[in-house]
Amino acid sequence: MADLLLSYIALAMILFSIGFLGIISRKNIFIVYMSIELMLNAVNLIFVALGRYNESMEPQVMAMIIIAIAAAEAAVFLSLIVVLYRNKKSLNSDIFNVLKQKDTANG
Amino acid sequence: MVDIIFLGLAIFAIGGGFGMILFSQPMHSAISLIVTLISLGGIFALLSAPFLFMVQIILYAGAIITLLLFIIMFLNIRDDELPDEPNKNITIIIGAILLIPFNILILKAFNTFPEKSMNILGKDFGSIHSFGMELFNKWLVPFELISMLLLASLVGAVVYARKDKNRDG
Amino acid sequence: MDFGILSIIIFLPMFVAFTTLILPFGAKGTRNAAFLTSIVIFALVSSVYYNFELTGFLQFREHYTWISSYGINYSLGIDGFSLIILMLIATLIPSAYLWLWEGRTKGYWISMLLIQTGITGTLFSQDLILFYFFWEAMLLPVFMIIGMFGTGNRVFSTIKVTVFTIMGSLFMLISILYLGVSFFNEYGFWSFSLNDIVQINNLTRTEEIWLFFGFMIAFAIKIPLFPFHTWLLQTYSNSPTGGVFLLSSIMAKLGVYGIVRFVMPIFPELYKEFAPIFVWIGIFGLIYFGIAAMMQVNIKKMFAYSSASHLGFIVTGIFSLNVFGMTGAAFLIIAHAMATGGLFLLVGKMEYDLGIKAIPALGGIAKKAPIFTVFFGIMLLCIVGLPGTNGFVSEFLIILGAFGFSPTAGIVSAFTVLIAASFMLWMFQRAILSDSGNDVSKMTDLNKKEILGMLPLAFLIIAMGIYPDWFFYKIEPTIQHYLLDILQIRN
Amino acid sequence: MDNFLLAWIVLVPLLSSLILGTMYLYSIKVTKIPNIVFSMFALTAPFISFVLGVSFFFRLLENSDVIIYRAYKWLSVDGYDIDMGFMADQLSIFMVLFITFVGGLIHIYASGYMKDDDGYGKFFFYFNLFLASMLLLVLANSPIIMFIGWEGVGVCSYLLISYYYQDSENVKAGNKAFIANRVGDLGFIIAMITMFYYAGSNGFDYINLELGMANVPVEVLSFIGLALLIGAIGKSAQIPLFVWLPDAMAGPTPVSALIHAATMVTAGVYMVARFHFLYDMIPNVGLFIAYIGAFSALFAAIIATKQTDIKKILAYSTMSQLGYMFIAVGLGGYSAGIFHVFTHAFFKALLFMGAGAVIVALHHEQNIFKMGGMRRKTPLVYFTMLIATLAIAGIPPFAGFFSKDEILLTAFGSGEYFIWIIGVITAVLTAYYMFRLLFVVFHGSNYKENRELHSLSKNMTMPLVILAIGSILAGFIGVPLLLGGQNYIGIWLEILNSKALHVEHSIELYLMGLNILAAVIGLLIAYKKFFNYDMSKVPEYTGLIWNKFYIDEIYDRIFVDKLKKLSIFISYKLDINFIDKIVMGISNGFIRSGNVVARLQSANTRMYAFSMLMGISVISTYLIIVMR
């Protein structure tokens, strides 16, 4: 089992799906963030499994780069959450909708 | 033996994931996520990626999620401040059903790969030495660019999180 | 001849416009420069006219590679049909400048110069992409001149005219690109040159019909044909004098020119096949707009309808598939440009002096401004198609052509003599002649410059009516060429 | 003498008019030019044209060949050449002679009539322009050149009717005249173009057309004939396009005399005569023309009996006389028709000028029941008017008798007895309304005593005398053989007459007697009712005839109102509310659909993700099914 590519892929897909479900179902912005991290990890898993399958080191490098980017992302994302929470006193992602078009009469 | 380890890790990973999206307290979710990430680290080790295993545990579980926990605790969110999520479970169920075709598609796609045991490996494969050679020979420039990115995000995070005296007033 | 005289004619106004824009010229300096430019261009065009040989083929060709990888070339040339429109432009523009002499700003003059570049460029282009480029470039200064110097709800008018024409142009652009790709598929290299495009054979009939109407929509909006005319009213009514002058007397005619230059050679079979539709659309427009003009209160809107009516008639002429109709259409282009242009200049002056556009609020102008009335009368009689003016010659020929196409069409189109007369004379009575007690004391008669500007138009209107043949002989070989070689009609 | 002088018959008045026009603009803009200068230029033009016409007349007398002068190639398209050509044959030279002669006299008269008018120069500018157009009309070599003159006279008529343009009623009358004429022109153009296609392949002048007509099917010929007839009807104010002529009296009286009595309105008759080769081939259409003429004659005469405006009476009488001419030309008696054109020009111009003199003398009073007793005050006008009235009524030996007699003889001789009866009835009515006019204006008691009369200048009275002499003598060029005379006009125009009439001399004599009787009956009725009429009791006129059978109102109701409504419907309803709505609706549709889509953009990230999920799901399902 552990030597089959498909089992790793299936695990990765399950994790990816869980991440996606988290994004669409949760309003709490922390959980949305964590779901994104989970999806990144699922992709990492696919990379590494394929690297093992093809006997190539490059996917591992790629996965490492993804992890590094995730770190950068974490810094920015978390600081944004702090700012938003400070201004709105809420963790609800639905209220962050300032981009919505206000005047719908006609252009 | 390896199969059992893999299965255990997989169950832990999936269980942590479900825990993450089901707990209403962010704190609990974060801890579940750590379980998932560590299990994934184990799976990386199974896949002959020892460096990634270390990075996963140290950087992800150790640094990123810890930072997350730190922020959660720092904000000190009370229960009544948590968003009201009445449709959470039903959305998860509908979403899961909608995701089935996608999963099937991907798995079908990978199923077309020729079957091949992943146990037989080159002697040097996966060692930290070969990883380093790969990284610093082929991927040096992206690697350096990532340092730029990290720096930029650092600066960005500081700028965002700084209290704006003029606006807060 | 590889002298590049056509390029000079195109780009001299643009050069002058940018020079005056950069240098610290005032409104007066810009105006003088513009006028001088128009005179120089008139001289150049006269030499072109003089050197034009009596054949039906393109002359004064210029060819430079522009974007070689896609076969887009800077390719110019004129034949008899473009020649007369060119001559018309060169004659009309100095006249118009004399009329706009006082009280216009620098931006106005620069816009006028840029429009001139766009117009002549459109007229000379022998490459589809180049044509499209100038066709759109022509629109920009019009946009500016209406938006900045217009009256009434000018911003809306500007946007309306721009959206209309650009929408039409988009259809044309798609058709042009499709043709280019088809050419590439057939011959293996890129070219948008008209001479190459006409050799495409690999289009199916359905494709051809789509492309044909792609072109026709662009031109029909510009002309405008029924039912694409609704932009016309507000635009004409709200445009400043210079803008409406150029729109009515030249740009609308370029729509007709485009049909003859591009649609006819590229789709000769469809041109013949759909000719009945367009003949009848033209005749319908003639009557429809004519009737609509009768009760129109706003004098500029009335002229807009009148103009649309005559353009319908021109379209009837070019689709009549015989020499009479096409020659008549070419002649009516000139006649109508002069008469309508003159009328819009005169009405522009009236609006400038009195600030009135409504016919019932006018009246008694004949007493106040007799010379004005004389010129107004001449232009009006040309529109009415009175024999002795060039309006008659062209209407007669188009009716002949329509009759040759189908006797019913000929007889119905003959109603033009009735329609134009009824609305024009009634307007003349109410707006100019009868003294209806309105205060028109601010109306001034024409000054020397305005008389000088109007004289060539009036003179040509009458001279071309009395001795039309002298103005005809340069164009007839071209039209024979169109009919015999391109449409392959032999009678 | 060279042929090119033919062109100068037209060119002289044209040049003169251009000079006058420029001088007029100069005089109102810069310095005033004295009237005498205008008169000099104005009067020389018809004189020169007349002299040239006479010279061509003598040339034709010596040698009856048609004289043709081609000035230049007017238009040449696709191998067809149309020349700016002039043609002098017996018919056109005859027309030229009396047009220039009567025109010249009316010029002289007008120089007196208009002397106090500000637009003196303008008037003569129009007048000479008219003369040039009229001469071009008759001298033209081809229908299309004729059409130039045809429209030229139309526009001059418009300009002259609306001469006092500040009153909108006058301009309306001018518009009406022009539009009615344009309806006729529509017919003319259609006819011309049909002719061009069917018979013009060898050339478009009359001679070639005549040759070309031979092979054209008779249906087409009838169509051409009818279309041409519409043109003739419009110009000559016959039923149903006559409505403009009475209104045209809004112009100055010399205009009415020259244009709406002597020359322009006879263009229709001239045209039918000019196309005699066509109408000879389609006798049915000719008969139709004759019927139109007969009904117009009767109709106008009936209306004229109850009118009170002196000029309107004359206008209806003109229409009536034109009806006679149409009878003649319709039945093939072209020389009789032209003969009546000729005599009519004299006495009708005289009548108008006499009426104009009375009007001027009474300070622009036009109602005959406000005149009265003019016999003693203006004896010269009285005598000349008397002669003209006798002439129009058909009392021998005045001019009208001979021409009218010949027309009625033609009608009788062609076997069209119905038309003949109408002609005789009209003759009675003509005598009646003309003598009514004469008795009321000149013999009635004074409307108001001690009115000071405006003096009449010599310029105005001298032409009256000349025309009176003409009205007496003009008939003698066409005295029938029966009375021992020689029908010179019939001989001169014999190329036109295709069919010979055979009426026995005894019957002819009876007919002549009957005509005289008709005139005398009319005279006597008028005498009984209106001689020494007491002006204090002005008759009240009402009813159908006084209101001219409500024709104007009916036309307004049927055509003008409907057209106005249609126009308003199109320009203010259909275009704005329908077509523009559709077009703008398309653009608004884009805006609206944009708004709908924008509403989906809730800025709710979860919604976006969910829609993405749905998209992924659908696409995946599709791919699974496809890739199976």
For this session: Quickly rank C:162-175, C:279-292 as a protection proxy: mean count of other C-beta atoms within 10 Å, highest first.
Result: C:279-292, C:162-175
Seminar exercise, completed: Two pseudo-spin positions, 7 Å from Cα along C-beta at B:Leu140 and at D:Asp280, lie apart in nanometres by 11.4
Problem set entry | Cβ-derived FRET efficiency at R0 41 Å, C:Ala27 paired with D:Tyr555, nearest 0.05 | 0.15
For this session: Note the angle between two axes, namely the Cα long axis of helix D:218-236 and the longest principal axis of the Cα atoms of chain D, as a number of degrees from 0 to 90, rounded to the nearest 10.
Result: 70
Problem set entry | Highest to lowest packing among A:59-70, C:122-133, D:99-110, scored as the average C-beta count within 10 Å | D:99-110, C:122-133, A:59-70
Exercise. Where in the range D:165-179 does accessible area fall by at least 20 Å² between the isolated chain and the complete protein assembly, at a 1.4 Å probe radius?
Worked result: D:Tyr165, D:Gln166, D:Ser168, D:Val171, D:Lys172, D:Asn175, D:Phe178, D:Ile179
Seminar exercise, completed: Quick numbers on the range D:115-204, Rg and Dmax over C-alpha atoms in Å, give 15.9, 54
Exercise. On a 0 to 90 degree scale, rounded to 10, what angle separates helix A:5-25 from the longest Cα axis of chain A?
Worked result: 10
Exercise. Per residue, how much space in cubic angstrom lies within the convex hull of the C-alpha atoms of chain C?
Worked result: 129
For this session: Translational diffusion coefficient, Stokes-Einstein: compute it for the range C:268-491 using the Kirkwood radius over C-alpha pairs as Rh, at 37 °C and 0.692 mPa s, and state it as an integer in µm² s⁻¹.
Result: 182
Exercise. Which percent of the Cα-Cα distances in the range A:5-91 go past 19 Å?
Worked result: 48
Seminar exercise, completed: The simple spin-label model distance between C:Ile451 and C:Tyr473, using points 7 Å out along Cα→Cβ, in nm, is 3.4
Exercise. What is the distance in Å between the Cα centres of the range D:219-262 and the range A:76-92?
Worked result: 93
Exercise. Can you give the mean number of other chain Cβ atoms that lie within 10 Å of the Cβ atoms in peptide D:190-200?
Worked result: 4
Problem set entry | Convex hull of the protein assembly as shown built on C-alpha atoms - directionally averaged projected area, nm² | 70.3
Exercise. Relative contact order of the range D:339-493: what whole-number percent is it, with Cα pairs under 8 angstrom and at least 6 residues apart?
Worked result: 37
Exercise. Under 5 Å between amide H atoms, partner at least 5 residues away or on a different chain: which partners does D:Val77 have, H built in plane at 1.01 Å?
Worked result: D:Ile82
Exercise. Among B:Met148, B:Met20, B:Met73, which one moves the most in a GNM of chain B with springs linking Cα atoms closer than 10 Å?
Worked result: B:Met148
Problem set entry | Straight-distance crosslink candidates among lysines, where the alpha carbon sits under 23 Å from A:Lys27 and sequence neighbours closer than 8 are dropped | A:Lys88, A:Lys89, A:Lys100, A:Lys102, B:Lys88
For this session: Mind checking A:31-40 for the average number of partner chain beta-carbons within 10 Å of each residue's beta-carbon?
Result: 6
For this session: Please report Rg over Rh for the range D:26-65, where both radii come from the alpha carbon positions and Rh follows the Kirkwood definition.
Result: 1.37
For this session: State, in square angstrom and to the nearest 100, the accessible area buried between chains A and B, both chains counted, probe radius 1.4 Å.
Result: 7500
Exercise. Ordering C:Tyr108, D:Tyr572 by how much accessible area each has at a 1.4 Å probe, largest first, what is the list?
Worked result: D:Tyr572, C:Tyr108
For this session: Sort all Cα-Cα distances of the range D:555-627 into consecutive 5 angstrom bins from zero, then give the percent of pairs in each bin up to the one containing the longest distance.
Result: 4, 12, 9, 10, 9, 9, 8, 7, 6, 6, 5, 4, 4, 4, 2, 0
Problem set entry | Over the range C:389-491 - Rg/Rh using Cα atoms and the Kirkwood inverse-distance radius | 1.13
For this session: Rank these by accessible area, largest first, 1.4 Å probe: B:His28, B:His129.
Result: B:His129, B:His28
Exercise. So, in nm, how far is label B:Glu115 from label C:Leu140 when the simple model puts each one 7 Å beyond its Cα toward the Cβ?
Worked result: 6.7
Seminar exercise, completed: Short to long, in 10 Å steps from zero, the percent of alpha-carbon pairs of chain B per bin is 8, 20, 31, 27, 11, 2, 0
Exercise. Top to bottom by accessible area (1.4 Å), largest first, where do D:Tyr527, C:Tyr49, D:Tyr334, C:Tyr467 land?
Worked result: D:Tyr527, C:Tyr467, C:Tyr49, D:Tyr334
Exercise. What's log10 of I(q)/I(0) for the range D:45-193 at q = 0.10, 0.16 Å⁻¹, Debye sum over Cα points only, no solvent?
Worked result: -0.43, -0.99
Exercise. Ignoring any ligand, DNA or RNA, what whole percent of the accessible area of the protein assembly as shown comes from carbon and sulfur when the probe is 1.4 angstrom?
Worked result: 68
Exercise. Could you work out Rg/(2.2 N^0.38 Å) for the range C:144-223, with Rg from alpha carbons only?
Worked result: 1.45
Problem set entry | Between the range C:108-162 and the range D:505-521, the alpha-carbon center distance in angstrom | 79
Exercise. Listed highest first by mean packing, meaning other Cβ atoms within 10 Å per residue, what order do D:617-625, C:295-303 come in?
Worked result: C:295-303, D:617-625
Seminar exercise, completed: FRET efficiency for B:Gln25 and C:Phe284 from the Cβ-Cβ distance with R0 = 60 Å, rounded to 0.05, comes out at 0.20
For this session: Determine the equivalent ellipsoid of the range B:67-113 by diagonalising the alpha-carbon gyration tensor, then write out the semi-axes as square roots of 5 times the eigenvalues, largest first, rounded to whole Å.
Result: 37, 18, 4
Seminar exercise, completed: Partner shielding of B:149-158, taken as the mean number of other chain Cβ atoms within 10 Å, equals 5
Exercise. Can you list the residues of the range C:417-431 that have at least 10 square angstrom less accessible area with all protein chains present than in their chain by itself, probe 1.4 Å?
Worked result: C:Val417, C:Leu418, C:Ala421, C:Ser422, C:Leu425, C:Trp426, C:Phe428, C:Gln429
Seminar exercise, completed: Between the Cα axis of helix C:205-222 and the main Cα principal axis of chain C, the angle (0 to 90°, nearest 10) is 20
Exercise. Where does the range D:257-332 land on Rg(C-alpha)/(2.2 N^0.38 Å)?
Worked result: 1.16
Problem set entry | Interface area, D with C, accessible, probe 1.4 Å, both sides summed, Å² nearest 100 | 5300
Problem set entry | Förster radius 35 Å - calculated FRET efficiency between D:Leu386 and D:Phe58 (Cβ-Cβ, nearest 0.05) | 0.50
Exercise. Where the centroid of each part is defined by its Cα atoms, how far is the range D:320-390 from the range D:38-98 in Å?
Worked result: 29
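The values are calculated or read from the model by the stated rules, or taken from the named source; none is laboratory data. These figures come from a predicted structure and were not determined experimentally. Virtual Cβ from ideal backbone geometry, glycine too; neighbours counted across all protein chains shown. Each accessible area value is taken on the protein alone, full model and side chains, heavy atoms only, with ligands, DNA and RNA left out. Shrake-Rupley method; radii C 1.70, N 1.55, O 1.52, S 1.80 Å.
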